[in-house]
1. Hey, can you tell me all the residues within the stretch 185-209 that are farther than 27 Å from residue 256 by Cα and within 16 Å of ligand 2 (Cβ to nearest atom)?
2. For the stretch 209-234, which residues satisfy the criterion of being away from ligand 1 (no atom under 16 Å from the Cβ) and assigned to a loop (DSSP other than H, G, I, E, B)?
3. Among the candidates 25, 19, 33, which residue alone is open to solvent by 10 Å² or more (accessible area, probe 1.4 Å), closer than 23 Å to residue 167 by Cβ, away from ligand 2 (no atom under 16 Å from the Cβ) and not small (Gly, Ala, Ser)?
4. Please tell me if residue 86 is within 16 Å of ligand 1 (Cβ to nearest atom) and open to solvent by 20 Å² or more (accessible area, probe 1.4 Å).
5. Of the residues in the stretch 84-111, how many are touching a Leu at 6+ places or on another chain (Cβ under 8 Å) and of a type in the set (S, T, N, Q)?
6. Scan the stretch 255-273 and tell me whether some residue there is among the β-branched types (Val, Ile, Thr), closer than 17 Å to residue 403 by Cα and assigned to a helix (DSSP H, G or I).
7. Quick check, is residue 100 touching a residue at least 40 places away in the same chain (Cβ under 8 Å) and closer than 13 Å to residue 127 by Cα?
Amino acid sequence: MLEIQFFGATAEVTGSCSLLRVGDLQILIDCGLIQGSAEEEARNRAPFPFEPKEIDAIILTHAHIDHSGRLPLLVSSGFRGPIYAHYASRNLCRIMLNDSARINEQKAERAGRQGGEQPAITPLYTVKDADQAVHAFHPLGYDDRRKILPGVELCLRDAGHILGSSIIELWLQFGTTRRKLVFSGDLGRRRAPVMCNPARLAEADLVVMESTYGDRNHPSWESSWDELGSILHQTAEDGGNLLIPSFAVGRTQDLLYTLNRHYRDWGLDHWKIFLDSPLATKVSELYSHHLELYNPEAAQCWRQSRSPFILPNLRVTRTAEESMEINQIHSRALIIAGSGMCDGGRIRHHLRHNVWRRECHLAMVGFQVQGTLGRALVDGVRSISLGERQFEVAARVHTIGGLSAHADQQELIRWYQTFPAGPAVSLIHGEEEARRALQQQLERLRARVSCPQYGEVLDLLAHE
Ligand SMILES: [Zn+2]
Ligand SMILES: [Zn+2]
């Protein structure tokens with residue numbers, strides 16, 4: 001038996017989880033959290049469609065929670081094998097999984113306190129489960145091919161998406177059959193502010209590829225940064241605040257790095273700048289210890305300035321009280337706060353104080369999953385509910401599409417074209433429209449493309 005079964009992120013972008021069977025061996029690629037509306041997230045509680053005890057090893061592409069977020073749950077359900085990942089992914093997961101566990105514990109506690117008709121809920125997993133998962137990590141570097149199981153060799157290549165993000169190369173042998181598999185993971189973009197360009201590979205029998213932006217091309221980095229510059233200018237003129245809901249890993253560091261570089265020409269010395277996310281703060285500290293993983297320009301710049309995330313007037317708020325104090329400021333506050341899709345975190349109380357004010361601006365800088373508050377804002381809703389109250393959306397909402405950490409359609413196609421033999425390709429990690437659009441483009445290049453559904457099995461013995 002030589003096959004892959006897809007158990008997540010098939011026609012959606014969260015909950016990545018694919019199961020590889022090589023004879024009797026079972027290897028899981030990613031085990032991410034499903035994110036979106038409450039109904040979507042309830043799916044995280046469903047039993048795994050496989051027996052966690054019987055999984056021999058896990059390979060993790062990167063630390064984003066939609067790829068790593070159910071690892072503690074796997075461990076608490078009996079998984080006892082190794083988790084292979086880049087060493088930076090392990091370091092990031094130490095922070096991310098702990099944070100995710102604490103959110104889960106708090107949610108359960110809150111539900112318990114409400115009592116009444118609410119059934120008591122147990123947290124999806126605990127901090128202890130998260131710690132145990134981190135202990136199971138076997139950290140690897142890039143470009144280091146090694147045997148992880150009989151008939152299974154693994155090599156991680158830089159995916160250029162976030163710190164430690166990896167393209168997975170696998171050489172499989174079953175009997176006399178050999179197959180070379182490549183999982184793109186989340187693929188970064190060329191010329192990103194901090195990360196390197198995604199590695200280009202030469203051979204594969206099958207490529208499993210993401211398709212988040214399979215139907216779109218991004219504006220250039222330059223024009224996107226210009227857009228942010230002009231939003232800052234406009235906000236200052238209007239006399240309001242600028243809110244940037246930001247993802248803790250990757251986007252926040254790109255933002256801080258770029259604010260640093262444009263400090264003078266964007267007039268940032270006239271602003272009060274806040275990094276109001278304990279998670280993003282921890283992650284930024286970790287980023288600053290991994291200079292060896294940046295692109296040469298960023299590494300050089302950071303070597304010179306020594307503190308890439310520190311701006312002269314940046315305030316890093318740690319406590320909830322410090323965060324609340326920001327609410328006293330009515331103009332020229334640039335507030336970077338999580339969560340990136342506005343479905344939790346401190347951004348919500350900043351929205352409560354700013355979203356109804358005509359002079360304020362909101363810059364959305366990342367992909368917004370369907371069902372989240374962030375998606376509703378991007379889609380132009382006129383009012384939103386935060387807690388018990390309804391708020392009119394009077395602030396201007398800008399979507400800066402070009403700051404994504406994902407390759408766009410053109411870049412995905414170009415990356416695929418580096419495999420000269422035109423291997424078969426399976427598209428995952430994209431909403432249905434996006435992956436169908438990418439499928440069409442790839443088929444024009446005569447690629448054999450499949451778009452697997454949840455639970456679908458792909459027989460690798462059938463792929464020459
Ligand atoms: Zn990612
Ligand atoms: Zn992802």
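The values are calculated or read from the model by the stated rules, or taken from the named source; none is laboratory data. On a predicted model such as this, the values are computed, not experimentally measured, just so you know. Heads up, the Cβs are rebuilt from the backbone with ideal geometry, glycines too, and the neighbour counts pull from every protein chain shown. Side chains are part of the model used for accessible areas, which takes the heavy atoms of the whole protein and leaves out ligands, DNA and RNA. Shrake-Rupley method; radii C 1.70, N 1.55, O 1.52, S 1.80 Å.
1. First, the residues of the stretch 185-209 that are farther than 27 Å from residue 256 by Cα: 200-209.
Selection gives 208, 209.
2. Within the stretch 209-234, the subset away from ligand 1 (no atom under 16 Å from the Cβ) is 215-217, 219-234.
Residues satisfying the conditions are 215, 216, 217, 219, 220.
3. Numbers: 19 fails: open to solvent by 10 Å² or more (accessible area, probe 1.4 Å); 33 fails: away from ligand 2 (no atom under 16 Å from the Cβ).
Of 25, 19, 33, the one residue that is open to solvent by 10 Å² or more (accessible area, probe 1.4 Å), closer than 23 Å to residue 167 by Cβ, away from ligand 2 (no atom under 16 Å from the Cβ) and not small (Gly, Ala, Ser) is 25.
4. Values: within 16 Å of ligand 1 (Cβ to nearest atom): yes; open to solvent by 20 Å² or more (accessible area, probe 1.4 Å): no.
Judged against the criteria, residue 86 is not a match.
5. 4
6. The first filter runs over the stretch 255-273 and keeps only residues among the β-branched types (Val, Ile, Thr), leaving 258, 273.
Next cut, closer than 17 Å to residue 403 by Cα only: 258.
When the remaining residues are screened for being assigned to a helix (DSSP H, G or I), the result is 258.
Yes, that holds for at least one residue.
7. Details: touching a residue at least 40 places away in the same chain (Cβ under 8 Å): yes; closer than 13 Å to residue 127 by Cα: yes.
When the stated conditions are applied, residue 100 passes them.
Quick grid of which residues meet (1) without any contact (Cβ under 8 Å) to a residue 24 or more places away in the chain; (2) under 23 Å from residue 193 (Cα atoms); (3) in the same structural domain as residue 200 (by TED's automatic domain parsing):
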| residue | (1), (2), (3) |
| --- | --- |
| 390 | yes, no, no |
| 396 | no, no, no |
| 419 | no, no, yes |
| 425 | no, no, yes |
| 428 | no, no, yes |
| 433 | no, no, yes |
